[in-house]
Amino acid sequence: MINLNKAWVIVKPEIIKLVKSYHWLILLGVGIIIATPFGWDQEKLTVFNIPLEGYYGSRETVYISLLHELFSWAWIYIAFDVLFRLLLPLGDSFSVSQLLWLRLTPCSPVDIAVARGIWVIAYGVLLGVLGLIWMLITSLYYHVFSTNLLLDALGLVSYIIFAGGMIAVLDFDLEFDYFSKRVIAVVALFFPSLLGLVKLGIANLIHGEYARFFPYTHPFAMLTSENLYHFGVAGILGLCFLGFHIFSKLKYQTVESLAILDDESTTR
Amino acid sequence: MQPNFLTDSRLSQQPLFELKNVTFSYANSQNQLLDHVSLSLFPGETIGLIGENGCGKSTIIKLLLGLCFPNNGTLNLFGRKVLWGNNYPQLGYIGDPSYYPGELGLPTGILVKELVQIFKSLCQQEKELKDLSYLEIEERLQIPSFYESDVSKLSKGQRIRLMAFLALAKKPQLLIADEATEGLDKEGKEIVLSEVQRLANCHQAGILWISHRRDEVARLTDKVYELFQGKLQKQELQGFDCQIETDSPNTEARKYFNLSKDGAFQALEEIFTDSSIHKFQMTGVMQKGENL
């Protein structure tokens, strides 16, 4: 049976570290500052009144492209940050060092798996919320708003949950050594984006109707409704991976004492 | 934590762990480390395991922790097959599993106080462990003195103290310790040994104590086994006919027949707490039924 209280106790230090980190606030602040020096001279996008080439279209279209591009750069930075702060530690959470002592405390294998799930989801949600705040502030600043911009925030959340879910579902157990775990964490970092390339490669093989359910998520993706499906499916798949990881632990148990050892010896 | 639907007599018949005809060799080695080893430990029993370096003592611990699996034979812990995926809150462990290089028995990237807090919070959610007082043992092991340190930065002695706290504070039914006093100073060693003795005496815990130090094994355990060339051999604890002479004007030379190791400790304790004694001599002859 899942004990959410125990799962929370296990994951709490990681969540506190995540929420209390000034790193994210600095990133948000820098992101907002970088997005502010742009202007519109009736025809072109400018930065400090210097015209910027490469942005064409109406004022709204240009600003949306600009915000999308800035968000995508931030996404790349965040992805590498996620590698060091989430994916590598998540892989390490299967190591003997991290797990042995916890196995000898009054919690269940499922509680530990739920804690991993909470950790990944909390990470994704926090960065998604920060992305939304950035979108909201910059959109209001430039008086533009497009629901398509929300796709970027969704993509980032899906990205984190998909990559984290991948590591959880692989369940390193005792099979992988320290180096292998690190390699897999790096693969997980690039995998959601690589799937975008795979989709391009096999586009002709997948029936059109189902092609939009092919999971991938990466920065600089077009802000189209089609990508809403790709990002959404990637996120749902990541959640399924986490769910499977938790479900797979149900076969293990907390061996409390001699009392539960065999049914024959009980005189209940 | 003891069940109330099993009678005590039935319970005591169940071993805390049991190795039956276990053979084991590492995948990349032709050397059979354990050759049809059988060993079981019942509640209240204390077993010492001695042997040369690399003879396979720690491998038995790894098998019990689920880090390795026997090639043949059966291995049960609390009556169930040992699996790495299972959790064992009634098992206390002090040692260094050395599974992969650099991997220790404690997590990294966390402060000691955070680790202790998680441990206490998890224990406090259990009805049976809710009212445990951790303060005394925490103070005795001087854990608060390195609360602010990262667990990965602890010295070996501090790490052993922390492991001893995690293992002993929950009053486990079974304690397995592998060179548990390595790296400890004299005071730390004494604290850990006395806490283990307290656990054995007050809580009837089963203890498997692995050490190359025969004095520790003799102090803590009732049965001693030696692992030699993959086989487990029981060491008979000998009795000695002893004579102790002191320079105390109050006491005459004392003679003890078939003195056990506990008795020898007791006799020595009496000498060491008697301020009138400045010099003593102890001689012993293996017991053969003849008086000194």
Relative contact order of chain B (C-alpha contacts under 8 Å, at least 6 apart) in percent is 21
Rounded to the nearest 10 degrees, the helix B:186-203 long axis (Cα) sits at an angle to the longest Cα principal axis of chain B of 80
Full extension between A:Lys251 and A:Trp8 adds, at 0.36 nm per residue less the Cα distance, a length in nm of 85.3 nm
Toy charge model, Lys and Arg Cβ at +1, Asp and Glu Cβ at -1: the range A:147-240 dipole around Cα centroid in debye, rounded to 20, equals 200
Taking r as the C-beta separation of B:Asn201 and B:Phe69 and R0 as 30 Å, the FRET efficiency to the nearest 0.05 is 0.30
Checked the range A:120-249 against the a/c 1.5 cut and the a/b vs b/c comparison, axes a ≥ b ≥ c from its Cα gyration tensor; verdict oblate
Extension length gain for B:His212 and B:Gln13 (0.36 nm per residue less Cα distance), in nm, is 68.7 nm
The farthest towards the positive end of the charge dipole of the protein assembly as shown, of the residues A:Gly232, B:Val22, B:Cys55, given +1 on Cβ of Lys and Arg and -1 on Cβ of Asp and Glu, is A:Gly232
With +1 at each Lys and Arg Cβ and -1 at each Asp and Glu Cβ, the charge dipole magnitude of the protein assembly as shown around its Cα centre, to the nearest 20 debye, comes out at 700
Here the membrane-span-like helices of chain A, with no claim about any membrane, defined by DSSP H, Cα axial extent at least 15 Å and mean Kyte-Doolittle at least 0.5, are A:4-20, A:22-35, A:59-82, A:109-142, A:150-170, A:178-201, A:225-248
Between B:Ser133 and B:Glu270, Cβ-based FRET efficiency (R0 30 Å, step 0.05) works out to 0.40
Once both label points are put 7 Å beyond Cα along the C-beta direction, the A:Phe190-A:Asp41 separation in nm becomes 4.1
Rounded to one decimal in nm, the spacing of the 7 Å Cα→Cβ label points at B:Glu245 and B:Thr23 is 5.6
Expressed as a whole number, the average count of other chain Cβ atoms within 10 Å around the Cβ atoms of A:4-17 is 3
Final fewest-first order of B:Cys68, B:Cys55 on the 10 Å Cβ neighbour count is B:Cys55, B:Cys68
Sorted on mean Cβ neighbours within 10 Å (highest first), peptides A:55-62, A:158-165 come out as A:158-165, A:55-62
A correct fewest-to-most ranking of A:Lys199, A:Lys20 by other Cβ atoms within 10 Å would be A:Lys20, A:Lys199
Checked the range B:177-292 with the C-alpha gyration tensor, a ≥ b ≥ c its square-rooted eigenvalues, rounded below a/c of 1.5, otherwise prolate if a/b is larger than b/c and oblate if not; verdict oblate
Relative contact order as a percentage, chain A, C-alpha pairs under 8 Å and 6+ apart, gives 24
Proxy exposure order for B:Thr23, B:Thr59 (fewest C-beta within 10 Å first) is B:Thr23, B:Thr59
Looking only at lysines whose Cα falls under 24 Å of B:Lys279's and that sit 8 or more positions away or on another chain, we get B:Lys186, B:Lys255, B:Lys261
Taking R0 as 45 Å and r as the Cβ-Cβ distance between A:Met1 and A:His143, the FRET efficiency 1/(1 + (r/R0)^6), rounded to the nearest 0.05, comes to 0.30
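A short reminder: the numbers here are calculations on the coordinates, not readings from a lab. Just so we're clear, the structure is a prediction, and the values are computed from it rather than from any experiment. FYI the Cβ positions are ideal-geometry reconstructions off the backbone, even for glycines, and counts take in every protein chain you see.
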